[in-house]
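The values are calculated or read from the model by the stated rules, or taken from the named source; none is laboratory data. In this text the structure is predicted, and so the values were computed from the model without any measurement. Quick reminder, even Gly has a Cβ in these numbers, built from the backbone with ideal geometry, and neighbours come from all protein chains shown.
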């Protein structure tokens, strides 16, 4: 028979060996909640919370820090990830997905509040995705630097939507101008069309001149990158039994069908999309919020007490 679970502890817990944290000291209520989670779920609890700062933002630097701590992932069976994260670099998120999936037999992702942008990719990789009734994930559109303000980021789809609006508006202008000529003149259809095209071209040319072909092409590649990473993650892991057409259709919706990068995809919307999602409620929801709300930025096995075998975090 399996050994009984340890009883809940009321004694102060030691600070865990974190991969990254801001601040570096984890409050006792957070440690107690993480300890209780592992006791209840018989799992290894890995926390990725990024509410402030860049210590846990998805980047190549962050992935390298996680990889250097790979010894901590030995003998992990069921891995529970509390994900409260605004995302970051999509390529880094994909590398993180592969790293985690290679080091556990079951991956469960719990979203108490939000998993936006690149963090949505991690949600797609989960065997079980749990969301609270107030949680949200986001569209899978890649972020690129704003060409007008390099310190800011915009969705790669913004460029497409802008050009698509110009195209639609051009047809509307041409149609309205041609109808006006039909009502007010006796010009032939051919002449009305010729004059309408000339008028629309002169009106729209200054707007189209602001479209940079190189930047437009780069936006297309960035958008395609989100689709391709999503396709690989879904077909390799939790959605591997789905037909290719089903995966492509879900990703098309998740990438193209939302008007903004910050659009809220709650549990109802995620269910309608077809994602394998369950409701996070009750005591687990309370524990997840205690952890996610209790520290601004943290990454690590927060419920695990440090031991000699884990000190240093690196393996040969």
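Kindly indicate whether any position in the range 139-161 is part of a helix (DSSP H, G or I), modelled with pLDDT under 85 and more than 30 Å from residue 277 (Cβ to Cβ). Walk me through it before giving the result.
Step one: filter the range 139-161 for residues part of a helix (DSSP H, G or I), giving 156-161.
Keeping just the survivors that are modelled with pLDDT under 85 gives 156-161.
Now restrict to residues that are more than 30 Å from residue 277 (Cβ to Cβ): 159.
Yes.
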Residue tally, condition touching a strand residue (DSSP E or B) at 6+ places or on another chain (Cβ under 6 Å) and free of Cβ contacts under 8 Å to residues at least 40 places away in the same chain, over the range 42-62: 2
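Hey, which of the helices (runs of 4 or more DSSP H) in the range 175-291, taking only ones fully inside, have at least 3 residues that are in the same structural domain as residue 133 (by TED's automatic domain parsing) and either in contact with a helix residue (DSSP H, G or I) (Cβ under 6 Å, 6 or more places away or on another chain) or modelled with pLDDT of 85 or more (or both)? I'd like the intermediate steps shown before the answer.
Details: elements: 189-208, 213-236, 244-256, 267-273.
Those helices (runs of 4 or more DSSP H) span 267-273.
May I ask you to verify whether residue 51 is surrounded by fewer than 20 Cβ atoms within 10 Å (Cβ to Cβ) and over 21 Å from residue 292 (Cβ atoms)?
When the stated conditions are applied, residue 51 does not pass them.
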With criteria (1) in contact with a strand residue (DSSP E or B) (Cβ under 7 Å, 6 or more places away or on another chain); (2) modelled with pLDDT of 90 or more; (3) surrounded by 18 or more Cβ atoms within 10 Å (Cβ to Cβ), residue 65 comes up short on (3)
One residue is enough: does the range 77-84 have a residue meeting the conditions over 18 Å from the mean Cα position of the chain (by Cα) and surrounded by fewer than 21 Cβ atoms within 10 Å (Cβ to Cβ)? yes
